[in-house]
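One structure is given below, encoded as structure tokens.
Coordinate-derived values only; no laboratory data. From a predicted model like this one, the values you see are computed outputs, not experimental measurements. Methodologically, a virtual Cβ is constructed for each residue, glycine included, from the backbone with ideal geometry; neighbour enumeration extends over all protein chains shown.
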Amino acid sequence: MSLPENFQFEKAFEVGAFQVHPHGDMRLSCLADLFQEIAWKHADSEGFGRSLLEQKLMWALSRIEIRVNQFPRWGDRLRIFTGGRGQAGVFAFREFLVWNEQEEVVARAMSSWLLVHIEKKRILKPDSVLPSTLFNPLDSPSWQPVKLESSGQIQDIKSIQVQHSDLDLYNHVNHTSYIRWIENRVAVQGLFPSQIAINYLAECKGGDEVSLTVLGAESSPYLQGRVQGKLVFEAQVSKL
């Protein structure tokens, strides 16, 4: 069966009780977990996923934007599609589309990734490992995750201690953990965002203490995370 909008891979999921807020809507961080899972499944199926570890290479998520039209709820069955959306310089782009059982679009996301040598910490061109049939190096999408520039008055600063459960298989903070931190922080002020843009700027490891700063308007705040004064991520959230 052909996939919509030239997507290249799909996987079915069911929303579990552990993936929803007390009010029943799916957490943004849990939706991001599913995006991460299907991205790995697609990459592994085409030979540019975990097999790269043998070459001391890894994919690092640089930026992602998630836009939710209608939050999935506990028990909903979803079909998630993903595919390569070309390259621009050192960035490789991957898009996600989420359907409900009625084949209605409930969410979309676009992400940009960097290919990094684990030991040398050097960024390589993605077309050195990506199949051109999936990630055309001469193509780049019109929707590209933006570089954020935080602005506005500081609302609040709190500290977060990185826990073992925040880490991924590379012993860095998993990119979905940052989204969970953000969700928890803005929920305190009654904001449950349906849109998030996040830039990952530096690695964060177990035991780090992250200073989380909230700036700007309460309806669409910016958030910054710093470790020992170094900016490690920036984000902006809002509600449709």
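Pairs with C-alpha atoms separated by more than 22 Å, drawn from the list 121/158; 205/239; 56/121; 56/230; 11/56; 147/230, are 121/158; 205/239; 56/230; 11/56. With contributions of -39500 (n - 2.57) from each DSSP H run of at least four residues, the per-residue ellipticity at 222 nm computed over the chain stands at -4500 deg cm²/dmol. Scaled against the 2.2 N^0.38 Å expected of a compact globular protein of N residues, the Cα radius of gyration of the chain reads 0.99.
In what sequence do 15, 90, 173, 188 fall when counting other Cβ within 10 Å, fewest first? Provide the component values of the computation, followed by the final result.
Values: 15 22, 90 15, 173 26, 188 10.
So the residues, fewest neighbours to most, are 188, 90, 15, 173.
Among 120, 147, 230, the residue with the largest mean-square fluctuation in a Gaussian network model of the chain, with springs joining Cα atoms closer than 10 Å, is 120.
Which of rounded, prolate or oblate describes segment 4-128 when judged by the alpha-carbon gyration tensor and an a/c cut-off of 1.5? It is prolate, given that a/c is not under 1.5 and a/b is the larger ratio.
Listed by Cβ neighbour count within 10 Å, with the fewest neighbours leading, 30, 204 appear as 30, 204. A Gaussian network model of the chain, with springs between Cα atoms under 10 Å, assigns the largest mean-square fluctuation among 131, 141, 22 to 22. Using C-alpha pairs below 8 Å separated by at least 6 residues, the relative contact order for segment 154-238 is 35 percent.
By the count of neighbouring beta-carbon atoms within 10 Å, fewest first, 105, 116 end up ordered 105, 116.
The tail of the calculated P(r) for segment 154-238, taken as Cα-Cα distances beyond 14 Å, holds 59 percent of the pairs.
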